[in-house]
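Here's the structure, in structure tokens; my notes come after.
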Amino acid sequence: MKYLLANLVLLASFLSHNGTLKEIDKGYGIGDYATDFSLPDINGKKVSLADFKDAKGYLVIFTCNTCPYSIAYEDRIIALDKKYKTKGVPVIAINPNDPDLQPADDVQHMKKRAMEKGFTFPYLVDEKQEIFPQYGATKTPHVYLLEKTKNGNVVRYIGTIDDNYSDASSVKTRYVENAVDAMLSGEEIPLTTTRAIGCSIKSRK
Amino acid sequence: MIRSVLLLCILVLAGCDFKEREKATSANSEFVETELAPADSLGIPVYKFDELEPLLNKKDDKIYIINFWATWCAPCIKELPYFEKINREGEAHNWKVILVSLDMPSMWKTKLIPFIKNKNLKAEVVVLDDPDQNSWIPKIDKDWSGAIPATLIYSRNKRKFYEQTFTYDMLNKELQEFQN
């Protein structure tokens, strides 16, 4: 049985390696294992998920300096990090935009923005634009909640932060907080995927 | 004299070329010749999703091209002239473009209205202001992630959604499919 299972896993990985580009482009679904990465932060230091030894999970958030939705959510992203870092679920922000196409998303501007706002979390550069397509991020901001398990980091939630970008005080449902709370208490996540308007990720590919 | 005025006009117009003006939202100084008195009210409809929905489900003989955009969205601004051109050609082909702006309320008077005037947009513009986006995005298309630009093309018996940017030729090609 174990042998069969191992073979199935092998077959699955073989198939995924040979899958068409289109399938890969779709990115992760709920329950998929998310890739780790080694991406430079605003000071050039490489950061990986594996660096966070005590983490129970991660809030990987694709975001940037320029998108009005990203800006509208900056304070709430900081608040998420402050609230959940101590509970073992830190925010890892990744800027996926190509600075040649969006100059104000280059690392200098990232540095400036992180300083001005007092980002409490790593703000990484998807230099080769290889990570966001694997996750399937299409826009900023785009949140992926991962749960660390012994077999890898499992995608538990994909979507937006809450149900009102324009006014934090009018929010009725905090999708991300609900998802993290449920994950941490071992309960079923009430809503695993949500959608919101965002800025398309700037890529030449 | 007349010739030089004409030449000046052409030069000024050429300066307004959309293609050179991807970051069109801020700098308006080149548009003096089309500067109009500031609108004291918006002058365009602002909808919640249930008010927009009828525009996405008309049952007449036209083909509707619904483009979701915003003044802050550079790729949207880049493709807007193609939608304008398609709209101009719409009478002959029985189609119509509706531009659904997702600009935020703070940008309506400062960015959106000046943009519409400066670019002299002829296609119908409506604003969609409905923050509970997760409730309505799947109703527009089940696969739309929410990234803009995005476009819906529909007729009475065909419907297609595109989470992508368009060129004029691509739009034309799609519309030909709708006409067949």
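Things worth noting here:
- Between region A:106-145 and region B:67-88, the alpha-carbon center distance in angstrom: 27
- Stretched out straight at 0.36 nm per residue, the stretch from A:Ser38 to A:Ser203 would grow longer than its current Cα-Cα span by 57.4 nm.
- Helix runs (DSSP H) in chain A reaching 20 Å along axis by Cα, Kyte-Doolittle at least -1.0: A:2-18, A:68-85
- For A:Glu187, the accessible area of its heavy atoms, probed at 1.4 Å with every protein chain present, is near 120 square angstrom.
- Residues in region A:150-165 reached by a label modelled at B:Ser106 [backbone nitrogen below 19 Å; 7 Å Cα→Cβ]: A:161-165
- The Rg/Rh ratio of chain A, with both radii computed over alpha carbons and Rh defined as the Kirkwood radius, is 0.97.
- Additional length obtainable on full extension of the chain from B:Val46 to B:Arg156, 0.36 nm per residue less Cα span: 37.1 nm
- The orientation-averaged projected area of the convex hull spanned by the Cα atoms of region A:143-204 comes to 5.7 nm².
- Chain B against chain A buries an accessible area of about 1700 Å², both chains summed, 1.4 Å probe radius.
- For region B:39-179, diffusion coefficient by Stokes-Einstein and Kirkwood Rh (Cα), 25 °C, 0.890 mPa s, µm²/s: 160
- Of B:Lys96/B:Lys142; A:Lys85/A:Lys202; A:Lys26/A:Lys82; B:Lys122/B:Lys142, pairs whose Cα-Cα distance is over 27 Å: A:Lys85/A:Lys202; A:Lys26/A:Lys82; B:Lys122/B:Lys142
- With N as its number of residues, region B:125-169 has a Cα radius of gyration that, divided by 2.2 N^0.38 Å, comes to 1.25.
- Summarising the label geometry, the points placed 7 Å from Cα in the beta-carbon direction at A:Lys45 and A:Glu187 lie 3.7 nm from one another.
The values are calculated or read from the model by the stated rules, or taken from the named source; none is laboratory data. Since the structure is predicted, the reported quantities are computational estimates derived from the model, not experimental observations. Cβ coordinates were reconstructed from backbone atoms using ideal geometry, including for glycine residues, and neighbour counts include every protein chain displayed. These area figures cover heavy atoms from the full protein model, side chains too; ligands, DNA and RNA do not enter into them. Shrake-Rupley method; radii C 1.70, N 1.55, O 1.52, S 1.80 Å.
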